[in-house]
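Worksheet: one structure, shown below.
Every number here is computed from the coordinates shown, using simple stated rules; none is lab data. Please read these numbers as outputs of a predicted model, since none were measured by experiment. All Cβ positions, glycine included, derive from the backbone under ideal geometry; neighbour counts span all protein chains shown.
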Amino acid sequence: METTLKPSSKHVDFQSILNYADVTNDYNPVHVDKEFASKSPMGGVIAHGTMSVALIWQALKNSLGVQALDRVHLDIRFVRPVRIDDTVTGGGKLQEGSSNIFDVWVKNQNDQDVILGTATLRACHPT
Amino acid sequence: MSDKPLFTYDHYEPGKVYGVKEFTVDEAVVAKWRTVYPGDNDPGVMPAGMLAMIVVDAVLTHNAPRPPGGVHGGQTFDVNRMPRIGETLLTEVKCLDKEIKKNRKWVRALTTTRSKDTGEVVLTGIMTTLVAQ
């Protein structure tokens, strides 16, 4: 099994944030309204957190195969906002001494963590 | 614009089930997803990133309208199997708990997603949200 997940990246522009809002029906103004967001505690538009989670799923799928996703427990925290024009990369690494728990992350272009967590692969279901 | 009152922190009741949201993973909704992630194009396979879409859609349907400006603080996804394209899912939304920490109002919602046809649980999730004041 792969011990380091193949990274997956995305450049986040304002249009992609608007598209993601449309996909999820999540029009929270902190994501889609520049004026509102600038006056909020976030100090500007931030991307939906779950938008970047997709990069972790892609890294898992591209490294372990699509069938591995049928038995994953993913537990993540959003630790830093993703801003317009950030480039974010999802990846992960098998925990030392573990055969099934990956530390996973999404980092921005400055190598700052934006998401941290773990992905645990359960044993295959008996057939 | 909805005439419903805002669904604020005070409205969350731990243990309360708010309802079920139906979501069909059809080609149209997958195509919409691919406007954001065009590389998620494995034939017949629902992109895993869409799991968040299913959870958020259900929570925003039942715990809404929200005060603007809330933030998603954390999330778990416990996948029993990935949903299939063409499958219809039912997601139940329940308030797990809520807590005020350092003057911030946190709520955790438990979502349970089942196959509409078989009742099989395909996904459970816990969405942790910082509710806007």
> Using alpha-carbon pairs under 8 Å, 6+ residues apart, how would you state the relative contact order of chain A in percent?
Replying inline: 28
> B:Asn41 versus B:Thr88, label points 7 Å from Cα toward the beta carbon: distance in nm?
Replying inline: 3.0
>> Exceeding 28 Å between C-alpha atoms, which entries from my cross-link table qualify? They are A:Lys39/B:Lys105; A:Lys10/B:Lys21; A:Lys61/B:Lys116.
In response: A:Lys10/B:Lys21
>> Sort A:Trp57, B:Trp33 by Cβ crowding within 10 Å, fewest neighbours at the top.
In response: B:Trp33, A:Trp57
> What is the Cα centroid distance between segment A:59-127 and segment B:72-133, reported in whole angstrom?
Replying inline: 18
> Averaged over peptide B:25-36, how many Cβ atoms belonging to another chain are found within 10 Å of each residue's Cβ?
Replying inline: 3
>> Please rank B:Asp3, B:Asp78, fewest neighbouring Cβ atoms within 10 Å first, as an exposure proxy.
In response: B:Asp3, B:Asp78
> How high is the relative contact order of segment B:9-130, in percent, with contacts defined as C-alpha pairs under 8 Å that are six or more residues apart?
Replying inline: 34
> Tell me, B:Leu110, A:Leu5 in order of fewest to most beta-carbon neighbours within 10 Å?
Replying inline: B:Leu110, A:Leu5
> Taking 0.36 nm per residue of separation and subtracting the Cα-Cα distance, what length does fully extending A:Thr3 through A:Asp103 add?
Replying inline: 35.0 nm
> How many Cβ atoms of partner chains, on average, are near each residue of A:65-75 if near means within 10 Å of its Cβ?
Replying inline: 5
